[in-house]
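**Student:** Sharing a structure below in structure tokens format, with a few things to ask.
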Amino acid sequence: MKNINSFLQAFLIVISLFLVISIIFNFLTQKEVKTQILTLKEFKEIIENQSSAIEKIVVFPQKINVFTKEKIFELPKDQNSSFYDLISLLNIEKEKFSSIPTDFREPQNISLILNIILNLLPFVILFWILWSLSKQTQKGSMQIFSFGKSGIKVYNPNDPNKITFKDVANLQEAKEELMEVVDFLKNPEKFLNIGAKIPRGVLLVGPPGSGKTYLARATAAEAGVPFFYISGSEFVELFVGIGASRVRDAFAIAKKNQPCILFIDEIDAIGKLRGVGLIGSHEEREQTLNQILVEMDGFEKETKVVVLAATNRPDVLDPALLRPGRFDRKIVLDLPDIKAREEILKIHLRDKKVGKINLKEVALRTPGFSGADLANLCNEAAILAARRNKEFIEQKELLEAIDKVILGPERKTKVFSKKEKEVAAYHEAGHAIVAHYLPHSNRVEKISIISRGRAGGYTLKVPKEERNFYFKKEFLDEIASTLGGYAAEKLIFSDVSTGPHNDLEIATELAKQVVTRFGMSEKLGPISLTRQQKEFFLTSDYSEKTAELIDEEVKSIINQALERANKVLELKIDKLHKVAKVLIKKEVIERKQFERLVEDKKGSLNI
């Protein structure tokens, strides 16, 4: 498209130039066009009879112009004959024109040049158009041979803004594993002399935003070697064989620039299990994967190229890709805990102007946030501060940015009616009361009935401590607190609105996880009954009868949790009214104020 636009612009410029030259030529020659052509007889009569009216005579090589006050007369003349020969031929007496000023002009070179240009210009334009079209066609045909190029990108290790391990908070175990790679790229002889082989490939596994690409770039910067980057989807092409060609090109570039790191992001795009799925595009993907396997096997012992790859779906990768000799190591990157989140926040706030802030409180309110989420949170806080014309980011902006990242911006144009506001207040108060009084549910941190995104309100709960293992009683209490809003609406209004629809989805999904994934069902026992997605289809290894039992057990867990939520709200209905009334008035309640309202300690009911 860019080449076509350039061509059209050049074409318009040439046409405009042609028009300008034509206008200039016409302007220069317009006086010559407005003349009256004379014969020899008429010319003689004018000289002899109207000599007093003639102002001047201008003699050109091919014509003679006679100027009077009223007209300009022109007599064609042979270029080889002179003016005086013509006068002698016509027998005009010299006395008749001796008093008339006569001017002899040289040939009009400008007019001659313009004539030549105007005659040649159409041919020049036509030739230029044909040449341009030929060049574009040749360029398009040459692109066929560039299909096999990988288009790999490289980051300079000497970039002043490079990322190092100091810029990566948390992930201590992952950094320790990658330090061996750094050491090998810096001092390969130390490993080769003792007969050791550095891992050919390192697979970084973690949820989206956990810092896989960030850590890979930091590894290259620590080693001081080039960092070649390409995404797995860039190898995928419609034509069979193109992906394999791009793989060869990428590995060839890496080998020429060794020592270096070759990073393949989202490798699951081409590294999925072979032999499954539909025929067609999968054939091309499998050939591309085969080429990667061959290239990684082709590394010599002395080759100083380390392949890093990242994925958040290690379960779909082909086993041949993970065997020793290819991706020898798998480094798991977990989501940051509260301490790590605080360190990550410090890193992302380094280049921002901040006032008095409490990052520990921000880290406490962001369980489950990845490094990318925290970076987005800091940026949103900076935007909020700038919109409020503040010079520094304060705690208020950071806490508000958490709500914005989780639920979306505040919907100021959406106004609740009095009835809707009352329903939203009791709904959120129901969540908070049930969560507060059940001993194993998460702690209430904030309650709000300010509409954000698609939510009419929300109750922010955070765990007392972040752990790797959870018990069934904790899941059951969490399901009950999730249904607290539903139970509160039914208890207060004797009816249920559409508000709890998302709560029902969350509670049902959590109950399914308890039954099918964690084996916590008393009826079904400790057995995994999860469904797996293979290509375009969801498959399960259990019968229809077992599916019915799963549905019954999920329904039983939901009903029991709802019954417990009802009991808590019935016992503490005075607290429910108290919290709901404050919510209607203030719209937002923070943890300390909420604890003063309920007065009782967390988990004081054991139902």
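The values are calculated or read from the model by the stated rules, or taken from the named source; none is laboratory data. Predicted model, so just to flag it, every value in this text is computed and none were measured. Neighbour counts are summed over all protein chains in view; Cβ atoms, including those assigned to glycine, are modelled from backbone coordinates with ideal geometry.
**Student:** Residues of the range 222-242 being assigned to a helix (DSSP H, G or I), surrounded by 18 or more Cβ atoms within 10 Å (Cβ to Cβ) and under 24 Å from the mean Cα position of the chain (by Cα), which ones?
**Tutor:** If the condition is that a residue be assigned to a helix (DSSP H, G or I), surrounded by 18 or more Cβ atoms within 10 Å (Cβ to Cβ) and under 24 Å from the mean Cα position of the chain (by Cα), then G232, E234, F235 are the ones that fit.
**Student:** With the condition being polar (S, T, N, Q), I'd like the helices (runs of 4 or more DSSP H) fully within the range 541-607 carrying at least 2 qualifying residues. First the steps, then the outcome.
**Tutor:** On the way: elements: 544-571, 573-586, 591-598.
The qualifying helices (runs of 4 or more DSSP H) are 544-571.
**Student:** Please go through the range 190-207 and give me each residue that is out of contact with any Leu (no Cβ under 9 Å at 6 or more places or on another chain), of a type outside the set (K, R) and modelled with pLDDT of 80 or more, ordered by number. Walk me through how you get there before you give the answer.
**Tutor:** Here is the first cut: in the range 190-207, the ones out of contact with any Leu (no Cβ under 9 Å at 6 or more places or on another chain) are 190-197, 199-200.
With the extra rule that they be of a type outside the set (K, R), the set shrinks to 191-196, 199.
Answer for the range 190-207, where residues must be out of contact with any Leu (no Cβ under 9 Å at 6 or more places or on another chain), of a type outside the set (K, R) and modelled with pLDDT of 80 or more: N193, I194.
**Student:** Quick test for you: out of A425, A429, A435, pick the one residue that is in the same structural domain as L571 (by TED's automatic domain parsing), more than 37 Å from the chain's Cα centre (by Cα) and over 21 Å from D495 (Cα atoms).
**Tutor:** Numbers: A425 fails: over 21 Å from D495 (Cα atoms); A429 fails: over 21 Å from D495 (Cα atoms).
Every option except A435 fails the conditions.
**Student:** Would it be correct to say that S231 is under 28 Å from G368 (Cα atoms) and free of Cβ contacts under 8 Å to residues at least 40 places away in the same chain? Don't jump to the end; show me each part of the working.
**Tutor:** On the way: under 28 Å from G368 (Cα atoms): yes; free of Cβ contacts under 8 Å to residues at least 40 places away in the same chain: yes.
Yes, satisfied.
**Student:** Sort out which residues of the range 580-597 are more than 24 Å from V362 (Cα to Cα) and among the β-branched types (V, I, T), and write them in order of number. Even if it seems obvious, please write down each step before you answer.
**Tutor:** Pass one, the range 580-597, residues more than 24 Å from V362 (Cα to Cα): 580-582, 584-585.
Answer for the range 580-597, where residues must be more than 24 Å from V362 (Cα to Cα) and among the β-branched types (V, I, T): V582, I584.
**Student:** G298 versus (1) touching a helix residue (DSSP H, G or I) at 6+ places or on another chain (Cβ under 9 Å); (2) of a type outside the set (D, E); (3) at pLDDT 85 or above; (4) surrounded by fewer than 16 Cβ atoms within 10 Å (Cβ to Cβ): which is the lone unmet condition?
**Tutor:** Result: G298 fails condition (3) only.
**Student:** Output the number of residues of the range 326-346 satisfying the condition of being modelled with pLDDT of 90 or more and in contact with an Asp or Glu (Cβ under 9 Å, 6 or more places away or on another chain).
**Tutor:** Of the residues in the range 326-346, 0 are modelled with pLDDT of 90 or more and in contact with an Asp or Glu (Cβ under 9 Å, 6 or more places away or on another chain).
**Student:** Which numbered condition in (1) more than 33 Å from the chain's Cα centre (by Cα); (2) in contact (Cβ under 8 Å) with a residue 24 or more places away in the chain is the only one that Y458 fails?
**Tutor:** (1) is the only condition that Y458 fails.
**Student:** Failed condition for G525, given (1) within 36 Å of the chain's Cα centre (by Cα); (2) free of Cβ contacts under 8 Å to residues at least 24 places away in the same chain, with all others met?
**Tutor:** (1)
Residue-by-condition table, conditions (1) in a helix (DSSP H, G or I); (2) in contact (Cβ under 8 Å) with a residue 12 or more places away in the chain; (3) over 19 Å from H440 (Cα atoms); (4) aliphatic (A, V, I, L, M):
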position	(1), (2), (3), (4)
F469	no, no, no, no
K473	yes, yes, no, no
L476	yes, yes, no, yes
I479	yes, yes, no, yes
Y486	yes, yes, yes, no
D495	no, no, yes, no
L504	yes, yes, yes, yes
A507	yes, yes, no, yes
L510	yes, yes, no, yes
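**Student:** Could we say that P188 is buried (at least 16 other Cβ atoms within 10 Å of the Cβ) and touching a Phe, Trp or Tyr at 6+ places or on another chain (Cβ under 9 Å) here?
**Tutor:** no
**Student:** Would you confirm whether or not the range 196-205 contains a residue that is surrounded by 22 or more Cβ atoms within 10 Å (Cβ to Cβ), among the hydrophobic types (A, V, I, L, M, F, W, C) and farther than 20 Å from E295 by Cβ? Quick ask: steps written out before the conclusion?
**Tutor:** The initial filter retains those residues of the range 196-205 that are surrounded by 22 or more Cβ atoms within 10 Å (Cβ to Cβ), namely 201-204.
Adding the requirement that they be among the hydrophobic types (A, V, I, L, M, F, W, C) leaves 202-204.
From what's left, farther than 20 Å from E295 by Cβ: none.
No, the range 196-205 has no match at all.
**Student:** What pairs come up if the first residue lies in the range 585-607 and is touching a residue at least 60 places away in the same chain (Cβ under 8 Å), the second is part of a loop (DSSP other than H, G, I, E, B) and of a type outside the set (D, E, K, R), and their beta carbons are under 7 Å apart, counting only those six or more places apart or on different chains?
**Tutor:** E587/I449; E587/I450; V588/I450; G603/L438; G603/P439; L605/L438; N606/P439
**Student:** Looking at the range 330-345, is at least one residue among the charged types (D, E, K, R), surrounded by 15 or more Cβ atoms within 10 Å (Cβ to Cβ) and touching a Phe, Trp or Tyr at 6+ places or on another chain (Cβ under 8 Å)?
**Tutor:** Yes, some residue in the range 330-345 is among the charged types (D, E, K, R), surrounded by 15 or more Cβ atoms within 10 Å (Cβ to Cβ) and touching a Phe, Trp or Tyr at 6+ places or on another chain (Cβ under 8 Å).
**Student:** Then there's this: If K390 satisfies every condition in (1) in a loop (DSSP other than H, G, I, E, B); (2) under 28 Å from E478 (Cβ atoms) but one, which is the exception?
**Tutor:** With (1) in a loop (DSSP other than H, G, I, E, B); (2) under 28 Å from E478 (Cβ atoms) applied to K390, the lone miss is (2).
**Student:** Modelled with pLDDT of 90 or more and of a type in the set (S, T, Y): is that true of T516 in this structure?
**Tutor:** Working: modelled with pLDDT of 90 or more: yes; of a type in the set (S, T, Y): yes.
Criteria met by T516.
**Student:** I need the full set of residues from the range 433-470 which are at pLDDT 90 or above, hydroxyl-bearing (S, T, Y) and either more than 23 Å from K585 (Cα to Cα) or surrounded by fewer than 21 Cβ atoms within 10 Å (Cβ to Cβ) (or both), in order please.
**Tutor:** Across the range 433-470, the qualifying residues are Y437, S441.
**Student:** Also, quick follow-up: Can we say I261 is part of a helix (DSSP H, G or I) and at pLDDT 85 or above?
**Tutor:** Here the answer is no, as I261 does not meet what is asked.
**Student:** Still on this structure, please answer the following. Do you know which residues across the range 554-604 are loosely packed, with under 15 Cβ neighbours inside 10 Å, within 28 Å of R517 (Cα to Cα) and touching a helix residue (DSSP H, G or I) at 6+ places or on another chain (Cβ under 8 Å)?
**Tutor:** Q560
**Student:** Now, a different point. Return yes when R248 is closer than 22 Å to Q291 by Cβ, of a type in the set (K, R) and not in a strand (DSSP E or B) and no when it is not. Lay out the reasoning, then the answer.
**Tutor:** Values: closer than 22 Å to Q291 by Cβ: yes; of a type in the set (K, R): yes; not in a strand (DSSP E or B): yes.
Considered against the rule, which asks whether it is closer than 22 Å to Q291 by Cβ, of a type in the set (K, R) and not in a strand (DSSP E or B), R248 comes out as yes.
**Student:** Let me confirm something: among K490, K404, which residue is more than 36 Å from the chain's Cα centre (by Cα), surrounded by fewer than 23 Cβ atoms within 10 Å (Cβ to Cβ) and not hydrophobic (A, V, I, L, M, F, W, C)? Quick ask: steps written out before the conclusion?
**Tutor:** Details: K404 fails: more than 36 Å from the chain's Cα centre (by Cα).
Being more than 36 Å from the chain's Cα centre (by Cα), surrounded by fewer than 23 Cβ atoms within 10 Å (Cβ to Cβ) and not hydrophobic (A, V, I, L, M, F, W, C) holds for just one of K490, K404, which is K490.
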